[in-house]
Amino acid sequence: MAHLRKKGTKKWQIILELERDPITGERKRKYKTVCGTKKKAEAKMAELIQKYEKGGKLVEPKKMTMKKLMLEYLKTNKHNVATRTQDRYRNIVHNHFIPDLGHYQVSEIKPIHIESYQNHKLTDGKLNGSGGLSTTTVRIHHNLLSTIFKYGQRLELVEKNPVKLVPSPKARGARNKFLSREELKKILDYSEGLWIHDFIKVAVATGMRRGELLGLEWENVDFDKKRISVTQALKRTSQGIELSEPKTNSSIRSIAITDETIKVLKKIKSEQAKRKLRMNGNYNNENDFVFCEKDGRYCVPSTVSRRFKRVVDKLGLGDYKLHSLRHTMASWLIQIANPKVVAERLGHSSVSITMDMYSHLSQDIQQKAADDLSKLIG
């Protein structure tokens, strides 16, 4: 809806009635003054009507701050992502985006602002002032900021996405740390008899993530078919400990296991059955976790990590983390198996992700391929 208002001799004001702001509910109007004849003003009014009907701005971006857009995105998107992802996004928005970009009007944000933000975070982005964030973390910032602008475009609050014109920081190719066979043997020998021992053996054999192992229940272990079905993960979130779907859709998978792993799992199951009898009604049967505390309760993820770290520190093996067990399996397997098989076992959505993560092994793999080819040629 639009109409003209005469403002003086050969001066006209065009008034466009726009749709309501989907956030505030306020009716928006666009004003444009035209000097000249009424016919000229009517032509300009028709031009503006056509522009807005073709999907232009329903609400002028200059009237909305970045802070307001970001907070609205968090509010709307919280139902579409896991709790831990919500927590991460909220942390990024409140601790990084809003302090640096929140005061700008949406219409003011240009590619130069995005580039400047990323450079700042890479050099001095840590909240404690101890240096820059990793390229991986800033890539997450980049992707989230782009998603927020796409959200604004979908609601027709924003015309363009300036993040698309700025490249995401390139990964620096940091190597994932993995254990040598000798180091793993030392860890297993030292931890014999401890709770963490069997956890380590299954973690290395399957490459499952910490949360996936802690969320594994006996109904998802098929001894006959020699398979483990990964369908859920145990995670700590701002709401406490939660049992939820794994990290991504590709993380929901079936993993083949060996007789040796089955032997370890059957030992765990047998020991649990004995404890249930001894504890009678004091055993927690709410879940049927493979890896749990002695009374059947879930294991707190950080507690399991500390148990592993204590063993590593006692042996003086260096800065290995629990996740290093997953990297160990992948690094060993990628040298002897089809990369697609490795990617599926890890729950990666594509082979390229796997190969990028373990690219430091590509030279060894190529050398082995060349040697094997040489043997075939003779």
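Any read-out appearing in this document is the output of simple, stated calculations on the displayed coordinates, not a laboratory observation. Since the model is a prediction, treat every value here as computed from it, not as a measurement. In this analysis, Cβ positions are derived from the backbone assuming ideal geometry, glycine residues included, and neighbour counts consider all displayed protein chains.
Which whole-Hz ³J(HN,Hα) couplings does segment 121-138 yield from phi under the Karplus relation 6.51 cos²θ - 1.76 cosθ + 1.60, θ = phi - 60°, glycine and proline marked x?
5, 6, 9, 8, x, 5, 5, 8, x, 8, x, x, 7, 6, 4, 4, 5, 5
Excluding Lys309 itself, calculate the net charge of residues whose Cβ lies under 12 Å from the Cβ of Lys309, where each Lys or Arg counts +1 and each Asp or Glu counts -1.
Its environment carries a net charge of +3.
Using the C-alpha atoms of segment 137-254, what convex hull volume per residue, in cubic angstrom, is computed?
184 Å³
At R0 = 45 Å, how high is the FRET efficiency between Arg139 and Asp189 if r is their beta carbon distance? Nearest 0.05 is fine.
About 0.70, to the nearest 0.05.
What's the FRET efficiency of Asp295 with Leu165 using the Cβ-Cβ distance as r and R₀ = 51 Å, to the nearest 0.05?
Given R0 = 51 Å and the Cβ-Cβ separation, E is 0.35.
For a Förster distance of 30 Å, can you work out the FRET efficiency between the beta-carbons of Glu182 and Leu127, rounded to the nearest 0.05?
The value I calculate is 0.15.
Taking only DSSP H segments of four or more residues, each worth -39500 (n - 2.57), what value at 222 nm results for the chain once the sum is divided by all its residues, to the nearest 500 deg cm²/dmol?
Rounded to the nearest 500, it is -15000 deg cm²/dmol.
Here is the link list: Lys78/Lys150; Lys186/Lys321; Lys10/Lys44; Lys121/Lys321. Which ones come out longer than 18 Å on Cα distance? Each step should come with its number before you reach the end.
On the way: Lys78/Lys150 16 Å; Lys186/Lys321 15 Å; Lys10/Lys44 14 Å; Lys121/Lys321 26 Å.
Pairs exceeding 18 Å: Lys121/Lys321.
In degrees between 0 and 90, to the nearest 10, how far off the longest principal axis of the chain does helix 195-206 point, with axes built from Cα atoms?
70 degrees
Of Lys177/Lys294; Lys269/Lys294; Lys235/Lys276; Lys68/Lys110, which sit over 22 Å apart, Cα to Cα? Mind showing how you got there, number by number?
Numbers: Lys177/Lys294 31 Å; Lys269/Lys294 12 Å; Lys235/Lys276 25 Å; Lys68/Lys110 17 Å.
In this structure, Lys177/Lys294; Lys235/Lys276 lie more than 22 Å apart at Cα.
With a sphere of radius 12 Å drawn around the Cβ of Ile140, what net charge do the other residues whose Cβ falls strictly inside it have (Lys, Arg +1; Asp, Glu -1)?
Around Ile140, the surrounding residues sum to +3.
I'd like the Karplus ³J(HN,Hα) series for segment 277-290: coefficients 6.51, -1.76, 1.60, θ = phi - 60°, whole numbers in Hz, and an x wherever there's a Gly or Pro.
Couplings: 5, 5, 7, 6, x, 8, 7, 7, 9, 4, 10, 10, 6, 5 Hz.
In degrees, nearest 10, range 0 to 90: what is the angle between the Cα axis of helix 66-77 and the longest Cα principal axis of the chain?
Value to nearest ten degrees: 50.
So if each residue of separation counts as 0.36 nm, and I subtract the Cα-Cα distance between Cys35 and Ser250, what length gain in nm does that give?
Extra length available between Cys35 and Ser250 comes to 71.3 nm.
Got a sec to turn the phi values of segment 2-9 into Karplus ³J(HN,Hα) couplings, 6.51 cos²θ - 1.76 cosθ + 1.60 with θ = phi - 60°, whole Hz, x for Gly and Pro?
8, 8, 9, 10, 6, 10, x, 5
Show me 208-218, 135-145 ranked by packing, highest mean number of other Cβ atoms within 10 Å first.
Top to bottom by mean Cβ count within 10 Å: 208-218, 135-145.
Report the local net charge at Pro111: Lys and Arg +1, Asp and Glu -1, summed over other residues whose C-beta lies under 13 Å from its C-beta.
+1
Among (1) 62, 48, 38; (2) 95, 67, 44; (3) 60, 52, 37, which one is Cα extents along the principal axes in Å computed from these coordinates?
(2)
Show the residues, 5+ positions off or on another chain, whose built amide H is closer than 5 Å to the amide H of Lys7.
It is Trp12, Gln13, by chain and number.
Collect residues whose amide H, placed 1.01 Å from N in the peptide plane, falls under 5 Å from the amide H of Thr65; neighbours closer than 5 in sequence don't count.
For Thr65, the qualifying residues are Val106.
Please compute the volume of the convex hull spanned by the alpha-carbon atoms of segment 83-187 and report it per residue in Å³.
Cα-based convex hull of segment 83-187, divided per residue, equals 150 Å³.
List the residues whose amide H sits under 5 Å from the amide H of Gln335, counting only those 5 or more places along or on another chain, with H placed 1.01 Å from N in the peptide plane.
Result for Gln335 returns nothing.
Give me the number: length gained by fully extending Ser302 to Lys78, i.e. 0.36 nm times residue separation minus the C-alpha to C-alpha distance, one decimal in nm.
78.2 nm
Give, in nm to one decimal, the length gained when the segment between Asn280 and Glu156 is fully stretched (0.36 nm per residue of separation minus the Cα-Cα distance).
Length gained, Asn280 through Glu156: 38.5 nm.
Return the distance in nm (one decimal) between the two label points of a simple spin-label model at Glu260 and Gln13, each offset 7 Å from Cα along Cα→Cβ.
Between Glu260 and Gln13, the simple spin-label model gives 8.3 nm.
Which of rounded, prolate or oblate describes segment 105-164 when judged by the alpha-carbon gyration tensor and an a/c cut-off of 1.5?
In terms of gyration-tensor shape, prolate.
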